[in-house]
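The values are calculated or read from the model by the stated rules, or taken from the named source; none is laboratory data. Here the structure is a predicted model, which means the values were calculated and not measured. Cβ sites come from the backbone with ideal geometry, for glycine too, and all protein chains shown count toward neighbours.
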Amino acid sequence: MKKQLIKLLSSPKLFVYSLVWLMILVTVGTVSQKDIGLYASQQKYFSSYFFTFGFVPFPGGRIVLALMLINLISMMFKQNLWKMKKLGVIVVHLGGIMLLVGAGLTAMFSSEGSMVIEEGSKSNTVDDYHITELAIINVSNPNYDQYTIFGKPLFSSGNNLMHENLEFDITILDYMDNATLETAEGTSKVGFKGMLSNFNLVELDRDKDDMKNKPAIIFQVSGTFSDTDGIYGLIFGQSVPATLTINSNQYVMALQKKKTYLPFAIELEDFKKVMHPGTEVAKSYSSKINLIENNIPRPVLIEMNKPLRHQGYTFYQASFIESPNGEETTVLAAVNNYGRLFPYISSIVMSIGLLLHMLVSMPNLFKKKKS
Amino acid sequence: MIVLIKYNVLFLIIIFISCDNNKHIQSYRTPKKDFGLSLQRSEPLNKENSKITTNLTWDLPKNWVPSSGHSMRLASFDVPFSNGVGDLSIVSLSGSSGGLLANVNRWRGQVDLNPISESDILTVSTVGESKMGAFRIFRMINDSNTQNAIIAAVLPTGEKTFFIKLTASKDGIIELQTVFEKFCSSIGN
């Protein structure tokens with residue numbers, strides 16, 4: 001059984017079948033972008049272990065790539081591979097493994113988001129473009145805010161969320177990827193608290209452009225044994241904060257994009273935009289910033305094709321906001337990708353491998369010609 | 001050697017399959033941030049600053065910015081919401097200023113809604129209570145014109161009628177309705 005499994009996992013056929021399935025995934029994923037949008041398609045076909053088509057489950061991109069990685073590694077254990085004449089093949093396999101390890105690192109640990117900074121102010125937070133989180137913030141302490149964060153994978157209906165920082169329990173009732181508020185005229189709202197006592201959260205079809213989706217969550221607060229217990233709702237970007245007061249503690253609740261706090265800050269000194277003469281079309285944007293680390297500022301200029309790379313993050317000039325009173329705000333795209341260099345390195349390794357294989361095979365080639 | 005590689009590789013695979021950077025529960029502290037909680041306090045905010053020549057006072061939400069409006073306006077504010085800024089005006093006119101129905105139908109016309117009859121006017125409004133007496137709120141949203149929507153409060157005080165009108169997109173009006181109602185309730189003299 002064990003031998004059979006190793007034989008199957010190290011079979012070149014498995015690699016070929018996986019490659020064919022990947023091609024099908026790429027085709028289906030590309031076509032489906034038209035209907036469900038780029039991000040949803042990426043998530044469904046490439047960033048998933050399995051996806052369903054109707055009721056039938058199919059392997060997603062991650063499981064196929066993991067199988068290919070296991071297959072390549074298993075091939076390395078084959079006794080007949082470890083020969084001098086197969087040196088090139090070994091190096092090519094190592095290059096392939098490196099490429100897949102890089103893909104794994106990117107899939108698991110990379111992140112991308114935006115950093116919005118007004119002129120004259122500084123920021124050390126990056127808001128993820130897509131991932132949503134529920135933040136319960138205890139604002140009672142005069143010196144700091146205590147955040148307790150629950151990630152989106154915990155938002156299944158019926159899930160109980162508890163934490164030692166909180167004096168209450170949360171039970172998730174519903175999570176919507178895209179929703180809107182409607183007034184609750186004529187609806188009985190007994191037990192509903194906060195915004196939900198006047199409004200209903202109504203689920204909408206997911207927009208193809210994920211940035212336009214406004215996620216919402218409905219949950220039950222219990223365990224305070226007071227009038228505070230009840231059903232609450234939050235929608236992304238609501239201007240009026242939802243609050244809870246229990247004993248002497250005041251909590252703010254928010255559905256927000258996942259925040260990453262950086263060990264350094266960026267201060268926007270000046271934002272400049274140059275327009276094409278006589279038009280409203282921007283020619284170039286640039287942000288003159290101070291990179292503040294250990295309280296030491298370092299001036300840096302971020303331009304459209306000149307990003308700032310620092311501590312694994314790359315900051316690109318992405319956009320800007322101009323208020324009616326002329327105040328300017330820069331929007332930087334912040335990307336953190338640990339696997340960034342792997343495709344380059346693995347391509348070089350594979351090229352060397354192919355070259356080695358050609359060199360090693362060359363004497364045999366000439367021998368055959370002579371004969 | 002092979003065994004060593006084997007275990008290293010297995011370790012690597014387990015890491016990839018079991019870990020990711022999306023820690024589902026986290027806890028951390030940050031320096032104090034203004035969450036705009038003053039909006040929800042019952043005590044008047046900026047009461048002195050908001051006192052105007054007509055001796056009206058109100059609790060001004062912290063993120064509302066006074067703006068320059070028409071000369072007929074007692075006060076104007078830029079009212080921010082998630083996707084834009086609404087325009088709030090406070091106007092006072094003597095008496096009933098042409099009647100409630102005429103004013104409501106004028107606003108309805110501004111958002112391409114059909115006029116309503118006198119008998120319907122009470123059914124399309126809600127009632128609130130300010131420090132100067134009861135007011136009536138009208139919400140005018142046209143689903144085929146989502147860029148323009150109005151919520152307005154009419155506060156009759158005998159000699160004068162106060163009109164508090166907020167213009168924004170449909171989403172803006174829906175989002176700001178609670179704050180608008182709270183603001184109207186805080187109006188006094």
Among the residues listed as A:S74, A:S18, the single one being surrounded by 12 or more Cβ atoms within 10 Å (Cβ to Cβ) and within 30 Å of A:I131 (Cα to Cα): A:S18
Of residues in segment A:333-369 being polar (S, T, N, Q) and either over 16 Å from A:G102 (Cα atoms) or surrounded by 17 or more Cβ atoms within 10 Å (Cβ to Cβ) (or both), the one modelled with the lowest pLDDT: A:N364
Sole exception among (1) more than 25 Å from B:R29 (Cα to Cα); (2) more than 23 Å from the chain's Cα centre (by Cα) for A:I292, by number: (1)
Residue pairs meeting the criteria (Cβ under 7 Å; at least 6 apart or on separate chains; first in the same structural domain as A:D174 (by TED's automatic domain parsing), in segment A:198-217; second charged (D, E, K, R) and assigned to a loop (DSSP other than H, G, I, E, B)): A:R206/A:D177; A:N213/A:D177; A:N213/A:R206; A:N213/A:D207; A:P215/A:D177
Total residues in segment B:170-189, condition away from chain A (no Cβ under 12 Å), touching a strand residue (DSSP E or B) at 6+ places or on another chain (Cβ under 6 Å) and among the small types (G, A, S): 2
1 or more residues more than 10 Å from chain B (Cβ to nearest Cβ): qualifying strands (runs of 3 or more DSSP E) within segment A:118-197: A:122-138, A:169-176, A:179-183
Of residues in segment A:233-259 being of a type in the set (S, T, N, Q) and under 27 Å from the mean Cα position of the chain (by Cα), the one farthest from B:K62 (Cα to Cα): A:Q256
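In the set A:G96, A:G104, which member is more than 21 Å from A:V360 (Cα to Cα) and part of a helix (DSSP H, G or I)?
On the way: A:G96 fails: more than 21 Å from A:V360 (Cα to Cα).
Just a single option satisfies the conditions, and that option is A:G104.
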Test: residue in segment A:224-241 that is farther than 29 Å from B:V85 by Cβ, in contact with a Phe, Trp or Tyr (Cβ under 9 Å, 6 or more places away or on another chain) and not β-branched (V, I, T): yes
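If we keep just the residues of segment A:233-249 that are within 14 Å of chain B (Cβ to nearest Cβ) and hydroxyl-bearing (S, T, Y), which is nearest to A:D128 (Cα to Cα)?
A:S239
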Any strands (runs of 3 or more DSSP E) falling wholly within segment A:270-341 and containing at least 2 residues that are over 19 Å from A:D127 (Cβ atoms) and outside the structural domain of A:G96 (by TED's automatic domain parsing): A:282-293, A:296-303
Residue that is among the hydrophobic types (A, V, I, L, M, F, W, C) and within 14 Å of another protein chain (Cβ to nearest Cβ), where the choices are A:V281, A:V274, A:V252: A:V252
Flag if A:K152 is basic (K, R), surrounded by fewer than 16 Cβ atoms within 10 Å (Cβ to Cβ) and either within 15 Å of the chain's Cα centre (by Cα) or within 30 Å of A:K7 (Cβ to Cβ) (or both): no
Any hit, segment B:150-166, residues being more than 14 Å from chain A (Cβ to nearest Cβ), charged (D, E, K, R), in a loop (DSSP other than H, G, I, E, B) and in contact (Cβ under 8 Å) with a residue 24 or more places away in the chain: yes
Failed item in (1) free of Cβ contacts under 8 Å to residues at least 40 places away in the same chain; (2) outside any strand (DSSP E or B); (3) over 21 Å from the mean Cα position of the chain (by Cα), with A:S48 passing the rest: (3)
Residue that is surrounded by the most Cβ atoms within 10 Å (Cβ to Cβ) [pool: residues in segment A:278-299 that are more than 19 Å from A:E322 (Cβ to Cβ) and touching a strand residue (DSSP E or B) at 6+ places or on another chain (Cβ under 9 Å)]: A:L291
Some residue of segment B:150-169 being of a type in the set (K, R) and crowded, with 19+ Cβ neighbours inside 10 Å: yes
Residue within segment A:36-53 that is modelled with pLDDT of 90 or more, assigned by TED's automatic domain parsing to the domain that holds A:L365 and over 30 Å from A:Y129 (Cβ atoms) present: no
Residue within segment A:261-268 that is outside any loop (DSSP other than H, G, I, E, B), closer than 30 Å to A:L105 by Cα, small (G, A, S) and at pLDDT 85 or above present: yes
Filter result for the condition that a residue is more than 22 Å from A:I36 (Cα to Cα), surrounded by 15 or more Cβ atoms within 10 Å (Cβ to Cβ) and acidic (D, E), over A:D227, A:D177, A:D210, A:D169: A:D169
Check on B:G99, on the phi < 0 side of the Ramachandran plot and either out of contact with any helix residue (DSSP H, G or I) (no Cβ under 9 Å at 6 or more places or on another chain) or of a type in the set (D, E) (or both): no
Looking only at segment B:123-149, and only at residues there that are among the aliphatic types (A, V, I, L, M) and assigned to a strand (DSSP E or B), the one that is farthest from the other protein chains (Cβ to nearest Cβ): B:A134
